[in-house]
1. Can you tell me the orientation of helix 203-216 relative to the chain, as the angle in degrees between its alpha-carbon axis and the longest Cα principal axis, to the nearest 10?
2. Which ³J(HN,Hα) values, rounded to whole Hz and listed in residue order, are derived for segment 405-418 from phi using the Karplus coefficients 6.51, -1.76 and 1.60 in 6.51 cos²θ - 1.76 cosθ + 1.60 with θ = phi - 60°, glycine and proline given as x?
3. Counting heavy atoms of the protein chains only and a 1.4 Å probe, report the per residue accessible area for the chain as a whole number of Å².
4. For a quick size check, give me the Cα extents of the chain along its three principal axes, largest first, whole Å.
5. Please report, in debye to the nearest 20, how large the charge dipole of segment 399-459 is about its Cα centre when each Lys and Arg carries +1 at its beta carbon and each Asp and Glu carries -1 there.
6. Just need the Rg to Rh number for segment 197-346, please, alpha carbons only, Kirkwood Rh.
7. Would you work out which of THR396, THR137, SER168 lies farthest towards the positive end of the dipole of the chain? Charges go on Cβ: Lys and Arg +1, Asp and Glu -1.
8. What percent does the relative contact order of segment 163-314 come to when contacts are Cα pairs within less than 8 Å and at least six residues apart?
Amino acid sequence: MILARFVHLLVVSIFLGVCEAGLTSSYVRETGIATDMPLDSDVFRVPVGYNAPQQVHITQGDHEGRGVIVSWITPDEVGSTSVLYWAENSQHKKTVNGDVVRYKYYNYTSGYIHHCTINDLEFDTKYYYVVGWGNVTRKFWFVTPPRPGPDVPYTFGLIGDLGQTRNSNQTVTHYEMNPANGQSILFVGDLSYADSYPLHDNTRWDTWGRFVERNVAYQPWIWTAGNHEIDYLPEIGETIPFKPFTYRYWTPYKASNSTSPLWYSIKRASAYIIVLSSYSAYAIYTPQYKWFINELTKVNRTETPWLIVLMHSPLYSSYVHHYMEGETMRVMYEEFLVKYKVDVVFAGHVHAYERSERISNIQYNVVNGLCTPINDDSAPVYITIGDGGNQEGLLTEMTEPQPEYSAYREPSYGHGIFDIKNRTHAYFGWHRNQDGFAVEADSLWLVNRYWKTGKSSVA
Ligand SMILES: [Fe+2]
């Protein structure tokens, strides 16, 4: 009887031990490096007509969600610089004029890159818009977000490190077909991977722009810069970091008093989103540091309860590749993420998926030996979702044993859905490309860090 009871306790304790540890998925996947889709792929097709606008994309254009930046490229001449737009159920059409920019990158010259900001739109309204000229016009639509408010439901998609392979295409399709119905994408960096080509062949920025148009022309993608956006190549005289990215993909940084398009914030429905740049100076006294710390103090969790931070290089990752690349930013910023009760930090860079426990390592001060992350109820969940499907392939090598801070990890291609229900609850799901559209390989209910106890000591 005593022996049986002992065995029972042993089995229970082993079971509990297993449950408390993180999960490393046993899924076996193809690890071969994928190649980019060929130039004659249908997803890269140039729209029909002389000087037809191509690579149409939208992003949020102001701080509140009533602005949209519409961007497109005309290949042959400037053409029309304006956007015609109107609300569904309205006959009143308006026109707004934009800017045109071009850049050279070694022996490449871009097309005419148009950026047109539409302001003062109505919240929660469907708009149609038209770009182009004469007989060659193209019509698209978008839906503005609801007015910011604490209990406004809203669904974000999460995609990172996308590139332009068949896996990339599958990721976008899975996102489009996902019944969760994402309304806007939080993109965590590394867009085209044009820099994988000799001389960073910028025509691969153009093919990428045409590939993603089918989604980003209809819903805003919120841009984060990754290392593949740096395009720094002094051997051929290209010494301005982020040149192609900043010409092509504008962000509403001035609306949040940022001095750089690489870090900024927006409100969208019930979320306050802060975008950081892993590859710009971020130490104390730098513009990004000063802006970020000040920005955190501005967030009104009664208006936007969900505080989300985007960056490219993860602060916690237990994969071998890129291990601890985010460590210096963690040392600088983690105490503020905890102090201001950030709900979730999304990152890419590591071509795999990983979700952390709520942990922090701010106790560690180099000499005290307390270098193991500890459970911290005020800390964010860290989610790495750099599994969009670029030509570098998946990263399968993991540090062993799985650290306790790592709750789930798996190198498979996919995307995420962050579904805000109200001020207290949001649901995150990770969708793998090999599964059905509605299947979640990992999921988590998040309880808002500010509202979980009704109040917070931090404003
Ligand atoms: Fe990266």
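The values are calculated or read from the model by the stated rules, or taken from the named source; none is laboratory data. The structure displayed is predicted, hence computed values, not measured ones. Neighbour counts run over all protein chains shown; Cβ positions are idealised from the backbone, glycine included. These accessible areas exclude ligands, DNA and RNA; they are computed on the full protein's heavy atoms, side chains included. Shrake-Rupley method; radii C 1.70, N 1.55, O 1.52, S 1.80 Å.
1. Taking the Cα atoms of the chain, the angle to 203-216 is about 80 degrees.
2. 6, 8, 8, 7, 8, 6, x, 9, 6, x, 9, x, 10, 10
3. Numbers: 19140 Å² over 459 residues.
Ligands and nucleic acids excluded, the result is 42 Å² per residue.
4. Principal axes ranked by extent give 89, 47, 46 Å for the Cα atoms.
5. Working: 7 positive and 7 negative charges, 109 e Å.
Computed about the Cα centre, the dipole is about 520 debye.
6. Working: Rg = 16.4 Å, Rh = 16.8 Å.
That ratio is 0.98, to two decimals.
7. Going by the charge dipole, the pick is THR137.
8. Values: 218 pairs, mean separation 30.6, N = 152.
Averaging sequence separation for qualifying contacts and normalising by length gives 20 percent for segment 163-314.
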